[in-house]
Amino acid sequence: MRDHNTIIVWLREDLRLGDHPAFEAAVRAGGAVVPVFVWSPEEEGRWAAGGASRWWLHHSLARMEEALAGCGSRLVIRAGPVAETLQALCKETGARMVHCSRRYGPVGAAQETRVTETLHAAGVTLRRFWVLLYEAELIATGQGTPYQVFTPFWRRCLAQGEPRMPLPRVTRLPAPARWPAGVALASLGLMPKMAWAGGISRAWTPGEAGAQAALREFIREAKRVENYPADRDVPAVVGTSRLSPYLHFGEIGPHTVWHAVRGAAKTGGEAYLRQLGWREFAQHLLHHFPHTAERPLRADYGYFPWREDALGLRAWQRGQTGYPIIDAGMRQLWETGWMHNRVRMIVASFLVKDLLIAWQAGAAWFWDTLVDADLANNTMGWQWAGGCGADAAPYFRVFNPVLQGEKFDTQGDYVKRYVPELAHVPARWIHKPWLMPELELAAAGVILGKQYPAPIIGHTAARIRALEALTRMQKAARAQTK
């Protein structure tokens, strides 16, 4: 028997029961609730989940199945075209309403449009719920245009007042008289066929419970929030919240994080909340400028003379550039599926400026290897490094990997953790081992080119080359406007 009061909750990047407006509204409606996840990587195109994200998604869905079972419910998993799959589920259950949390950017928006049209033709309504602290469509300049600079954007957001309080956790979901069939999670093939994810599994606990534990640790551990403004730039210490993958998969909502941090610390908290603001800004940009996932926001950078350098790209990906801070970051990424944010900026600068490899190549590698691979954040970060996005670092600002390492990893603790072949190199040489006297190199057990590579490019020459490339781009852009 079909029940027209049934509501389907279509889950995507909102795999939690706490502060979940779509679930809360469905329960309040009084009918049965059917939670559904539809796996359709073909519809995601080039932005289908990468290897690390697929590993995380598998475990997140498994935790969601357990959480729903504790609420007297279950997760219906299906694979196939999303709109048609949801339409079929509505027909099977008699549902006349589907709830979902919004996604931002080209893929999510296009998907929601298709689903809306398909369901409408079948007499079903798709109701979308806002999930950001400050919704992208409601924040605009005085001229009604999207912001492209963070500070005035964030000022306008804060002028709207405090974000709403998080909603209570759903503890009971009314079940339908008959559950529609689904497929087993394992059939989606999300887990890697080769055992490369051991380091990731040791570093992370996907799921809502893992998210809540990470938040509790951040706000309760002595002075983590208070010291955040300084510690967040030091990769050798645990100075950040490490909530980014949980936020991406929606295992915790930004409202929950905002109010927990706000209530935990009088100092340091503002600096962290500002980072949540940068996350909002990334979503705002991708919503209003969806082409930036593939093309620069600043059109003149379409003329930049990027180089094809397969060997350089491979050395960067494998952490074999000869620059210890770069190699430590890239190896941390491969080992744990995550990289410290300061180091992300350093390795990105090296790729696009020292090697002159297009930012899209770096974004693609991060997309496949990060557990927190978020299209909006990834796009904004790489366009920032490439000087071609909103509020970006000027292209002529070229990070020196030696000076960056010496400033943010003074004793080399971070480098030695992920580049163990340099474990016995003294701190004064740890970020420039090629300058060490031969006797000291030998004492440290390092032979450049054998245990550890010499730099694949000299930074001074690379910086000059990058600035010359910028000049050529500017000339080419001006020529096109004449």
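Quick notes
- Selection status of Tyr301, of a type in the set (Phe, Trp, Tyr), surrounded by 21 or more Cβ atoms within 10 Å (Cβ to Cβ) and either more than 26 Å from Gly207 (Cα to Cα) or more than 18 Å from the chain's Cα centre (by Cα) (or both): yes
- Within segment 449-474, if we keep just the residues that are in a helix (DSSP H, G or I) and among the β-branched types (Val, Ile, Thr), the residue that is farthest from Ala299 (Cα to Cα) turns out to be Thr460.
Yes or no, residue by residue, for (1) modelled with pLDDT of 95 or more; (2) crowded, with 21+ Cβ neighbours inside 10 Å; (3) outside the structural domain of Phe281 (by TED's automatic domain parsing); (4) in contact with a helix residue (DSSP H, G or I) (Cβ under 8 Å, 6 or more places away or on another chain):
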residue	(1), (2), (3), (4)
Trp55	yes, yes, yes, yes
Gly108	no, yes, yes, no
Ala122	yes, no, yes, yes
Thr125	yes, no, yes, yes
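- Scanning segment 230-261 for residues that are out of contact with any Gly (no Cβ under 6 Å at 6 or more places or on another chain), of a type outside the set (Ser, Thr, Tyr) and part of a helix (DSSP H, G or I) turns up Ala230, Pro245, Leu247, His248, Pro254, His255, Val257, Trp258, His259, Ala260.
- Output for segment 427-448, where each listed residue is surrounded by 15 or more Cβ atoms within 10 Å (Cβ to Cβ) and assigned to a helix (DSSP H, G or I): Pro433, Trp434, Glu440, Leu441
- Of residues in segment 128-150 being surrounded by fewer than 15 Cβ atoms within 10 Å (Cβ to Cβ) and not in a loop (DSSP other than H, G, I, E, B), the one nearest to the chain's Cα centre (by Cα): Glu137
Rundown of residues vs (1) of a type in the set (S, T, N, Q); (2) more than 21 Å from Ile200 (Cβ to Cβ); (3) part of a loop (DSSP other than H, G, I, E, B), yes/no style:
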{"residue": "Pro305", "(1), (2), (3)": "no, yes, yes"}
{"residue": "Ala315", "(1), (2), (3)": "no, yes, no"}
{"residue": "Trp338", "(1), (2), (3)": "no, no, yes"}
{"residue": "Leu351", "(1), (2), (3)": "no, yes, no"}
{"residue": "Ala363", "(1), (2), (3)": "no, no, no"}
{"residue": "Asp372", "(1), (2), (3)": "no, no, yes"}
{"residue": "Asn378", "(1), (2), (3)": "yes, no, no"}
{"residue": "Gly381", "(1), (2), (3)": "no, no, no"}
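- Flag for Pro235 being under 29 Å from Ile430 (Cβ atoms), surrounded by 19 or more Cβ atoms within 10 Å (Cβ to Cβ) and at pLDDT 95 or above: yes
- Count of residues meeting criterion [touching a residue at least 24 places away in the same chain (Cβ under 8 Å), among the hydrophobic types (A, V, I, L, M, F, W, C) and under 13 Å from Ile325 (Cα atoms)] in segment 419-442: 3
- Just so you know, in segment 79-103 the residues that are among the β-branched types (Val, Ile, Thr) and out of contact with any Ser or Thr (no Cβ under 6 Å at 6 or more places or on another chain) include one that is farthest from Arg114 (Cα to Cα), and it is Val98.
- Ala49 vs. criteria in contact with a helix residue (DSSP H, G or I) (Cβ under 8 Å, 6 or more places away or on another chain), part of a loop (DSSP other than H, G, I, E, B), within 30 Å of Arg202 (Cβ to Cβ) and not acidic (Asp, Glu): yes
- Among the candidates Ala213, Ala203, Ala184, Ala195, the residue that is free of Cβ contacts under 8 Å to residues at least 24 places away in the same chain, out of contact with any Leu (no Cβ under 9 Å at 6 or more places or on another chain) and not assigned by TED's automatic domain parsing to the domain that holds Leu158 is uniquely Ala195.
Here's the yes/no breakdown for (1) touching an Asp or Glu at 6+ places or on another chain (Cβ under 9 Å); (2) among the acidic types (Asp, Glu):
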residue: Asp233; (1), (2): no, yes
residue: Ala236; (1), (2): yes, no
residue: Pro245; (1), (2): yes, no
residue: Phe249; (1), (2): yes, no
residue: Val257; (1), (2): no, no
residue: Arg274; (1), (2): no, no
residue: Phe281; (1), (2): yes, no
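- Scope segment 248-261; condition touching a residue at least 60 places away in the same chain (Cβ under 8 Å) and in contact with a helix residue (DSSP H, G or I) (Cβ under 7 Å, 6 or more places away or on another chain); matching residues: Phe249, Glu251, Ile252, Pro254, Trp258
- Within segment 366-407, the residues that satisfy the criterion of being under 25 Å from Trp334 (Cβ atoms), touching a Gly at 6+ places or on another chain (Cβ under 7 Å) and not aromatic (Phe, Trp, Tyr) are Asp368, Thr369, Leu370, Val371, Ala373, Leu375, Ala376, Met380, Gln383.
- Those residues of segment 240-293 which are among the acidic types (Asp, Glu) and at pLDDT 95 or above, in sequence order: Glu251, Glu280
- Annotation: Val225 fulfils all but one of (1) under 19 Å from the mean Cα position of the chain (by Cα); (2) surrounded by 21 or more Cβ atoms within 10 Å (Cβ to Cβ); (3) not hydroxyl-bearing (Ser, Thr, Tyr); the unmet one is (1).
- Failed condition for Pro174, given (1) surrounded by fewer than 16 Cβ atoms within 10 Å (Cβ to Cβ); (2) more than 25 Å from Glu335 (Cβ to Cβ); (3) in contact with a Ser or Thr (Cβ under 9 Å, 6 or more places away or on another chain): (1)
- Selection status of Val183, within 30 Å of Gly51 (Cα to Cα), in a loop (DSSP other than H, G, I, E, B) and more than 23 Å from the chain's Cα centre (by Cα): yes
The values are calculated or read from the model by the stated rules, or taken from the named source; none is laboratory data. Keep in mind that what you see is a predicted model, and the values were worked out from it rather than measured. Please note: Cβ atoms are built from the backbone with ideal geometry, for glycine as well, and neighbour counts cover all protein chains shown.
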